[in-house]
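Read the figures in this text as sums done on the coordinates, not as results from a lab. Predicted, not measured: the structure shown is a model, and the values here were computed from it.
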């Protein structure tokens, strides 16, 4: 009777105008090769994110999707939203 826990990114999608990366991570618990449970966790990675701790696969996708144009557009949007929330007095 050997329990095993496996964690893997099982779905990676690039979505939206700013090429956000959605990652679904599956956690699978199995006993003697028979799956007992599976749960999911989702997260979104934005173009300004530090991706150095991500897997090589996610880094490759980010480097391909996040062109300088995309990064600049995302930074501009963030600045505009911050200015709208905190207008100068």
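Working from Cα pairs under 8 Å separated by at least six residues, relative contact order for the chain is 23 percent. All Cα-Cα distances of the chain, cut into 10 Å bins from zero to the largest, leave 15, 34, 24, 16, 8, 2, 0 percent in each bin in turn.
Between the helical axis of 56-65 and the dominant principal axis of the chain, each derived from Cα atoms, what acute angle in degrees is found, rounded to the nearest 10? Helix 56-65 and the main axis of the chain meet at about 30 degrees. Look at where the Cα atoms of the stretch 23-89 and of the stretch 1-16 average out, and the two centres are 15 Å apart. Calculated [222 nm] ellipticity per residue, helices only, for the chain: -10000 deg cm²/dmol; basis is -39500 (n - 2.57) per DSSP H run with n ≥ 4, divided by all residues, nearest 500.
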